[in-house]
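Contents: one structure, followed by commentary.
No value in this document is a laboratory result; all are computed from the given coordinates. Just so it is clear, the structure is predicted and the values come from calculations on it, not from any experiment. Counting neighbours? That spans all protein chains shown, and the Cβs are built from the backbone with ideal geometry, glycine included.
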Amino acid sequence: MTSLPSALGDDQKSWLAFRCKIIHDFVERAAGTVHAVNPDMKFGVYVGAWYSDYYPSGVNWASPRYMTHQIYPKWANSDYHNYGYADHCDYMFLGCYATTSSIYGSTEWTMEGFAKRGKSLLMNDTVFAGGPDIGNPEGWQYGGKRTYIPQTLDAIVTKGGADGYFVFDLCHIRQFEYWETFKKTFTDYINSLTNN
């Protein structure tokens, strides 16, 4: 990620909005092309859920109804929100990548907070699945964290409000032998839904 100053000038904000417009226009055309070929085909994207730090990437994955410049006036101009592309996606994967000590919480850089914030940014324009990175962030990288797996589902879906759940990455599930843990986690979650 590129590091930018804490407050940007008007030209820098315009440049960021322009970059977001390029990505927005591509997503809009790509979704239109997919749906023209097969209206039943689903179109979606993956993004990092760290929205407040994602802007140097030139991507605005929020709803165009989310008034980014009112929340982040240091880097977003009044045009920025027009290039949110959530409304062009049938679904979205939000990487809720946090450490083992930051599963629960209401702010960004917690799994629960990423999901809650993502839900508010998307404004029901699309459904989303949130997912942890179970192999790279601090605490996850050496395996042996089976007891945290159910907490990630709880934080992201139950408490965070995500419509679904994914895991980054299959290689980590295999490497750390988490298969049975995920099977039990999903079974317990499904049983909890049917018992309520």
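Details
- Degrees separating the helix 179-195 axis from the principal Cα axis of the chain, which is the longest one: 80
- Relative to the 2.2 N^0.38 Å rule of thumb, the range 105-196 has a C-alpha radius of gyration ratio of 1.09.
- Within the chain, longest stretch free of exposed trypsin sites (Lys or Arg not before Pro) [DSSP loop, at most 16 other beta carbons within 10 Å]: 75-196
- Distance cut-off 13 Å, percentage of C-alpha pairs in the range 85-152 lying past it: 62
- Efficiency of FRET between D163 and W15 - r from beta-carbon atoms, R0 45 angstrom, step 0.05: 0.85
- Taking θ as phi - 60° and the Karplus parameters 6.51, -1.76 and 1.60, the scalar couplings of the range 128-145 work out to 9, 10, x, x, x, 9, 9, x, 10, x, 3, x, 8, 5, 10, x, x, 10 Hz in sequence order, x denoting glycine and proline.
- Backbone amide hydrogens, once placed in the peptide plane, bring G48 within less than 5 Å of G95, excluding anything fewer than 5 places away on its chain.
- Eigenvalues of the alpha-carbon gyration tensor of the range 68-121, scaled by 5 and square-rooted, set the equivalent ellipsoid semi-axes at 24, 16, 8 angstrom, largest first.
- Angle between the chain longest axis and helix 111-122 axis [Cα atoms, degrees, rounded to 10]: 40
- For the chain, radius of gyration divided by Kirkwood radius, i.e. Rg to Rh on alpha-carbons: 1.01
- Inter-part distance where the range 121-153 and the range 92-110 are each reduced to a Cα centre, Å: 7
- Only Cα pairs under 8 Å and 6+ residues apart enter the sum, and on that basis the relative contact order of the chain stands at 18 percent.
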